[in-house]
Structure formats: structure tokens, C-alpha cells
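Below: the structure, in C-alpha cells.
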Amino acid sequence: MENRTENWKDALAHILQSPSSRLRLAEPLSKHTHFGIGGEADAYFEVSTLAELVALARFHRQWRIPVAVIGRGSNLLVSDAGFNGIGIRLIGALAQLTVDGNTVSVGAGVSLPRLSKAMSRRGLSGVEFALGIPGSVGGALIMNAGAWGSSFGDIVTNVTVMHDTGELTELSHAQARFEYRHSGLTEYFCVTGATLALEPGDAETITERMQAFYKQKVATQPFAEENAGCMFKNPPGDSAGRLIDACGLKGHRIGGAEVSTVHGNFILNSDNATAADVLNLVAHIQQQVKEKTGVSLQTEVKRLGF
Ligand SMILES: Cc1cc2nc3c(=O)[nH]c(=O)nc-3n(C[C@H](O)[C@H](O)[C@H](O)COP(=O)(O)OP(=O)(O)OC[C@H]3O[C@@H](n4cnc5c(N)ncnc54)[C@H](O)[C@@H]3O)c2cc1C
């Protein structure tokens, strides 16, 4: 390991051969999350080539500076104190999409709505559920995101991951260990992409199904406000939203954080909420639901910088 007294930020800029406009220091992560909450990351970089990602992985390994991949920040709560490390987002060569018959290679940086729309236009079925999920393919793989009875892992044949040595490994579906809103992919430095097997079908029918899912989602979930999707995982055989509603918690507020009146499993940043407000509200909901129903709710939203 290098002497930590050396300025790692200068070393990083040098390694990435990056002008200061690309490597941003003291970047507010509230700008990069759907919650609109969170302090600053020491550094933030939008990675556009595999070579840059390799350089970052090796930098992380050599300097022991934490690196967090931020997809679209739609399932993320960042601490008020921020993140002591480098936040990265995958763009460019890491956000590409290629189709060969019904086999689709997709970079982790591709957005789910873009994937969903592109596939429906080509008459490929399997990702209609994803138009209303404002995340990236990387985030969907990590979280095994899903809706309407489908999960992202269901359509995945392989996942490519990068180790902190910069080496790539192709994992099989089984090696990715997909479970309900969870996968085994968190143990790698970064997920770089996946291969999907979709079903050929009629483009018009697929598009109609995709739009019907989207309409239903927008009608039943708070879409316009700042939030991070479902805060809690559904307990087996039940729905977290139903339990929260049954406990009379819809509309409950702590500081600037509020339980949505549209859907009880969504916490909104309705008035300059802090991460502390959100976590206090989470704790209150967990305590009330446990007391009144006996169920222990587990959070789905990932935390960064705590
Ligand atoms: C309005 C709204 C509706 C939503 N609806 C749904 C829904 O119906 N179903 C559902 O499952 N979810 C839903 N979500 C939650 C969220 O969109 C999904 O979990 C999504 O898959 C997260 O993707 P992301 O790119 O935003 O991930 P982020 O929030 O950026 O990150 C989530 C986690 O994945 C990690 N990560 C992201 N990309 C990578 C990568 N390439 N390599 C390694 N780690 C990575 C991050 O470090 C973090 O730990 C919703 C969210 C919102 C705001």
C-alpha cells in the first residue's frame, strides 16, 4: 500500500488522466439519488471505458480507498455525513446494448426504462415489468429487482463481474445466486453487464403489456416525489405496504420524511429530509408494525456512508 499521506486524489486524477471536469471532488451525492438526500463523496467519476474501470479497481486495491458504484441511485440512502470514498457511475462503453436474435448483451450502466422500451420495439418479451423501475441494469442485478411476478434474475443467463484486480469473470445464472431482492453479486468490485435470454413475440402486444404495467404502477405508487422505491421487503406471504397501512402509519412524518399516503411502503423526502429523518421513520415503522402485528420488517433500500 502506498503511503496514505500522499494525496490520493492527485494520484487518482493522474491514473485516470482525467481533467478536473470529469473527476469531481466533494460531490454532493444528493444529486445522484432519487431520494435527493445525502452528503458529499470525496470524489465522483463517470466511468466510460473498461480501461478506466480497471484503473479504478486497481487504485481501490492499492490505496484502500472505498469505491461505491451508484447506478441510478433509486434504491439508495446516503448518509448525511456523505461517503468517504469514490462514487462511480457507469456510462459510455459500459452502458451499451447489443441484440443477437433473442440474446441480449447489456452493460450495467443501461437504464431499465431504456432496456424495456428497446426490447418491446424489437418484439422481445421479458423486461416489460421494468419500464416503471427507474434503476440501471447493474442495480437490477444486484437487487434482483422485480415487479408483477417477474424478477430481473429470471431472464439472466450470465453476469460479468470485475474483481478488484481488474480481472473480469463471467458467472452463470446459478453463480449469481439470485433471491428475492438480493443476489450474491455484492461481493465483487463491480458488475459490468449481463446476457439476457428473452422470448420473441409480437412487438405491439409486448408494448401494450409494458405500458399497462407502467400505468398501473404510476396509479398506485408515488412516482413524482423523491423516494427510493419500496423501503421494506415484503414478508413471506404478505405485503409490507398492507401492514404499514393497517398500523395507521400512512402520512406519518418525522422531520422532512413522510410515509406516502399513496403507498405505505414508500418513504418520501417531502420537505428537505435528512438521512437521519428517514432512518428515524424506518425505526418507528419497524417498532409499530412489530408491536401491532408481530412482523419484523427488513429494509430493502441499500445504505451508503453509514
Ligand atoms: C419510484 C420508484 C419505483 C421503484 N419500483 C421498483 C420496483 O417495482 N421493483 C423493484 O425491485 N425496485 C423498484 N425500485 C427500486 C430500484 O429502482 C431498484 O432496486 C433498482 O434496481 C436499483 O437500481 P439503481 O441502478 O438505481 O441502483 P442504486 O440505487 O444506484 O444501487 C443499489 C445498490 O446496487 C449497487 N450497484 C448498482 N450498480 C452496481 C454495479 N454496476 N456493480 C455493483 N454494484 C452496483 C449499489 O452500490 C447499491 O448497493 C423503485 C425505485 C423508485 C424510486
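The values are calculated or read from the model by the stated rules, or taken from the named source; none is laboratory data. This is a predicted model, so every value here is computed, not measured. Neighbour counts run over all protein chains shown; Cβ positions are idealised from the backbone, glycine included. Calculation scope for accessible area: heavy atoms of the full protein, side chains included, ligands and nucleic acids excluded. Shrake-Rupley method; radii C 1.70, N 1.55, O 1.52, S 1.80 Å.
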Taking r as the C-beta separation of E187 and H284 and R0 as 45 Å, the FRET efficiency to the nearest 0.05 is 0.90
1/(1 + (r/R0)^6) with r = Cβ-Cβ of N7 and D100, R0 = 30 Å, i.e. FRET efficiency to nearest 0.05, evaluates to 0.05
Excluding ligands, DNA and RNA, the carbon-plus-sulfur percentage of the accessible area of the chain with a 1.4 Å probe reads 47 percent
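Multiply the residue gap between K302 and R122 by 0.36 nm, knock off their C-alpha separation, and tell me the result in nm, one decimal place.
That pair, K302 and R122, stretches by 61.5 nm at full extension.
Given R₀ = 30 Å, what would the calculated FRET efficiency be for L25 paired with R253, taking r from the Cβ atoms and rounding to 0.05? Write down the numbers at each step before the final one.
Working: r = 35 Å, r/R0 = 1.16.
Approximately 0.30, to the nearest 0.05.
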Computed for region 8-92: size of charge dipole around the Cα centre, +1 on C-beta of each Lys and Arg, -1 on C-beta of each Asp and Glu, debye to nearest 20, value 200 debye
Note to self, the chain gives a 222 nm [θ] from helices alone (DSSP H runs n ≥ 4, -39500 (n - 2.57) apiece, / all residues, nearest 500) of -8500 deg cm²/dmol
For the chain the mean separation of alpha carbon contacts under 8 Å (6+ apart) over residue count, i.e. relative contact order in percent, is 17 percent
Heavy-atom accessible area per residue of the chain, all protein chains kept, 1.4 Å probe, expressed in Å², is 45 Å²
Simple SL model, points at 7 angstrom along Cα→Cβ for E199 and N84; separation in nm is 5.0 nm
Beyond 26 Å (Cα-Cα) in this structure, taken from K217/K250; K215/K292; K9/K233; K250/K290; K217/K302, we find K215/K292; K9/K233
So for the chain, using the alpha carbon gyration tensor with a ≥ b ≥ c as root eigenvalues (a/c under 1.5 gives rounded; past that, a/b versus b/c decides prolate or oblate), I'd call it oblate
With the charge dipole of the chain built from beta-carbon charges (+1 for Lys and Arg, -1 for Asp and Glu) about the Cα centre, the Cα from N280, T103, A197 projecting farthest to the positive end belongs to N280
